[in-house]
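Colleague: Provided herewith is a single structure, encoded as structure tokens, for subsequent inquiry.
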Amino acid sequence: MKTRIIGDVHGKFHAYKERIQNIDSSIQLGDFGFNDTWKKLSQHKINHQRHKIIPGNHDDYNNINDLYTFGKDYGNVSFNDFNFFFLRGAWSIDQRHRTIGISWWSQEELEYKSLQMAIEEYCDTKPEIVITHECPGDYTGISVMMFKKSWINNRTGLALQNMWNYHKPKLWIFGHWHRNIVMDIKETTFICLDELDYVEYDSEKYIEWNIIKIKEQIQKLYNKRYPMKW
């Protein structure tokens, strides 16, 4: 069974709906949208058993429909035979320009206690696949590779960094940074997805096969966006 993993939506509901048509299941990586966007899920009768969202930092935490999440903030899940560890949330770099309760919510990052519990569960179970909105912090080199400087100095990024320091999964997929990037760092293949772009994971195949195929999918996205000129 294939699961489509979709990047940030930011309120573009109809584009999201197009991307979940005629597929087995999907996981959206957060920044789905504010109140009206979340309401459209039930209004359009999106199947909550097949389509899930891992909330990010640009989501209305007062109106999130829990039917479309995994019912918790982090942890190991088995979703349509797809097994992985996830953690929601991130820090908004632009929060000073946003309005509390309208375009910014304090729940965007988990509290330190919850993050510590998430780290403990991760270390106990040592997952092979991780799916998050944010990515680990500076020591992976991800922020330097994407922005040419250290950037991810916040509690979510640091918690994810601590997880990766302890155990390096085979595959880590995230959104948030609005880029399509493949990074092989030590034992982990990191995949960053741009807004509304997606890759597919086939749970009937082994992880290494999926990593190869996902890299091919990212290359196709890149070629489509930046076609070669002769």
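Colleague: Could you work out [θ]222 nm for the chain from helices alone, using -39500 (n - 2.57) per DSSP H run of at least four and dividing by all its residues? Round to the nearest 500 deg cm²/dmol.
Modeller: Taken over the chain, the calculation gives -9000 deg cm²/dmol.
Colleague: Moving on. Hey, how much of the P(r) for segment 8-70 falls beyond 16 Å, as a percent of Cα pairs?
Modeller: 33
Colleague: Count the DSSP beta bridges whose two residues both fall in segment 2-225, then state the antiparallel fraction as a percent rounded to the nearest 5.
Modeller: 45
Colleague: Looking at SER25, ILE102, TYR222, which one has the Cα that reaches farthest to the positive end of the dipole of the chain (charges on Cβ: Lys, Arg +1; Asp, Glu -1)?
Modeller: Highest projection toward the positive end goes to TYR222.
Colleague: If you don't mind, there's one more thing I want to ask. Counting other Cβ atoms within 10 Å, keep those with at most 16, restrict to DSSP loop, and tell me which chymotrypsin sites (Phe, Trp or Tyr not before Pro) in segment 150-228 are left.
Modeller: Of the chymotrypsin sites (Phe, Trp or Tyr not before Pro), the ones in loops of segment 150-228 whose Cβ has at most 16 other Cβ atoms within 10 Å are TRP151, TYR206.
Colleague: If you don't mind, there's one more thing I want to ask. Can you sort THR188, THR3 so the residue with the fewest Cβ neighbours within 10 Å comes first?
Modeller: THR188, THR3
Colleague: Taking 8 Å as the Cα distance limit and 6 or more residues as the minimum spacing, I'd like the relative contact order of the chain as a percentage.
Modeller: 21
Colleague: Size of the dipole of segment 2-225 about the Cα centre, Lys and Arg at +1 and Asp and Glu at -1 on the beta carbon, nothing else charged, in debye to 20?
Modeller: Taking the Cα centre of segment 2-225 as origin, the dipole is about 520 debye.
None of the figures in this text is laboratory data; all of them are computed from the coordinates on show. Just so it is clear, the model here is predicted, and its values are computed rather than measured. Note: ideal-geometry Cβ built from the backbone for every residue, glycine included; neighbour counts use all protein chains shown.
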